[in-house]
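Novice: There's a structure below that I have some questions on.
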Amino acid sequence: MTKPHQPVRNARRSGILLLGAALAVLPLLPHGADARPGGGSSMGSRGSRTYSAPAPTQTSPYGASPMQRSITQPSSGGYANGPSSYPRSPFGAPYGSPYAARPHPFASGFLGGMLGAGLFGVLFGHGIAGGLTGGGSFFGLLIQLLLLGLLISWLVRRFGGRARQGASIAAPPGYGYGQAGPSAAAAQVTITPDDYRAFQRLLMDIQAAWSQQNLPALQHMATPEMVGYFNAQLSDLASRGARNIVSDVRFDHGDLSEAWSENGFDYATVAMRYSMVDITTDMTGRVIDGSSTERVTVTELWTFMRPTRGGAWLLSAIQQTR
C-alpha cells in the first residue's frame, strides 16, 4: 500500500539533512574582522575602573564600549579594595590579580619561562619530572610546584623593591593627551616618553606573537587574564582549521586617556589607532578571509598595568571604540 505522505516526509528529511550540513559548516566560517587579537570585543580588567568609561580623547572622541569579559566582578564596581582584596597566592600577589603569577619582572623573565615550560609541558604530556605520564606522580608534581613557588617568593623578596623615578613631560610624537589626560597623569601617575614607547612596542610585539601563536611570548607581555582570552581565541580558530595572521602593523596615533595608581599598581589607558594587513588562512596557507594587499585600520583603547614599585608594563585590557 502506498503511503500518501511519503514525498512530504522525504522532503522534510532532506530539509533536515541540509540544515544539519549548514550548521556543521557554520563553525568553519571565519569571523572576518573579529579574528585579530581581542576578537574585536572589549575584555580584560582596569582595576577599580574596569566598568567605568575611559575618558574620551581625540583618537577616541566617543569613548569605549563596555567590558564584555572580565575577571573583575561588576557588583563590586571593580576590585572591592583593589587587587589586594583577593586572597593571597603563594607567589605573593592576590588570586585573581593579573600579577598573581608574575610579582616582579624577574619572575616574568627567567622564572616565568620556567613556569611556562613546565605548565605547558604538563598540558602536552611532558611536565615537570615527566608529568603525569612519566616517573612522577600528581602528588610529586604538586610538591615541586610548591617548592618552585617558595623559590620564586624568596627571589622576589631578594631582588624586588626597585623604585621608579621620572618627571611629567610631554608625550613623544604620535601621541597626544585625552581630555582628562594631563590632569590625570600629573595628579596620579607619571607617563614618560619611555612608557609611550613601551606601549607602542607592546602593540607591535603582541601582534607578532599572536600571528606566531606564541603563547609563552604573550605571557611576558600580557596579564594571565588576557593570555587566557588569547589562548581561547587561538584555540577556536585552530578548531575550525583556521589561523589569523596580522602583519605590517603601523602605529598611526595615540592619546593618553587615563593614568592612575591604586593598591600598588599603576594603570594607563591609551587610545591607539593603527593599521595592519589582517588575513585568515586555512592550515595550508590559503587565504580564506581578508586581503593580503589591503590594509585595515582600527582604533582601540589598550590598558597597561605594572607594579608601582617598578617593573614591565603588561597589557591588561582591550576595549573597542564606540
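The values are calculated or read from the model by the stated rules, or taken from the named source; none is laboratory data. Fair warning: this is a prediction, and the values are worked out from it, not measured in the lab. All Cβ positions, even for glycine, are placed from backbone atoms using ideal geometry, and neighbour counts span all protein chains on display. Heavy atoms of the whole protein, side chains included, go into the accessibility calculation; ligands, DNA and RNA do not. Shrake-Rupley method; radii C 1.70, N 1.55, O 1.52, S 1.80 Å.
Novice: For segment 248-302, what does the relative contact order come out to in percent, with C-alpha contacts under 8 Å and a separation of six or more?
Specialist: Relative contact order here is 33 percent.
Novice: A further question on this structure: What distance in nm separates the two pseudo spin-label positions at residue 238 and residue 263, each 7 Å out from Cα along the beta-carbon direction?
Specialist: Result: 3.3 nm between the two label points.
Novice: For segment 176-322, what % of the accessible area comes from carbon and sulfur atoms, probe 1.4 Å?
Specialist: Roughly 48 percent, rounded to a whole number.
Novice: With bins 10 Å wide starting at 0, give me the P(r) of segment 182-322 over every alpha carbon pair, in whole percents.
Specialist: 11, 38, 34, 13, 4, 0
Novice: For segment 201-268, compute Rg over Rh where Rg is the Cα radius of gyration and Rh is the Kirkwood radius from the inverse mean 1/r over Cα pairs.
Specialist: 1.04
Novice: Here is a follow-up. Show me the ranking of peptides 44-56, 207-219 by mean Cβ neighbours inside 10 Å, starting with the highest. Present the calculation step by step, with values, prior to reporting the outcome.
Specialist: Values: 44-56: 21.2, 207-219: 17.8.
So the peptides 44-56, 207-219, ranked by packing, come out 44-56, 207-219.
Novice: Further question on the same structure: Each label point is 7 Å from the Cα along the Cα-to-Cβ direction; what then is the distance between the points at residue 295 and residue 282, in nm?
Specialist: About 3.1 nm separates the two model spin labels.
Novice: Report the residues of segment 255-295 in range of a label on residue 190: point 7 Å along Cα→C-beta, backbone N strictly under 11 Å from it.
Specialist: From segment 255-295, the list is empty.
Novice: Cα atoms only: what Rg and Dmax, in Å, come out for segment 245-317?
Specialist: Over segment 245-317's Cα set, Rg and Dmax evaluate to 16.5, 48 Å.
Novice: Multiply the residue gap between residue 201 and residue 52 by 0.36 nm, knock off their C-alpha separation, and tell me the result in nm, one decimal place.
Specialist: That pair, residue 201 and residue 52, stretches by 51.0 nm at full extension.
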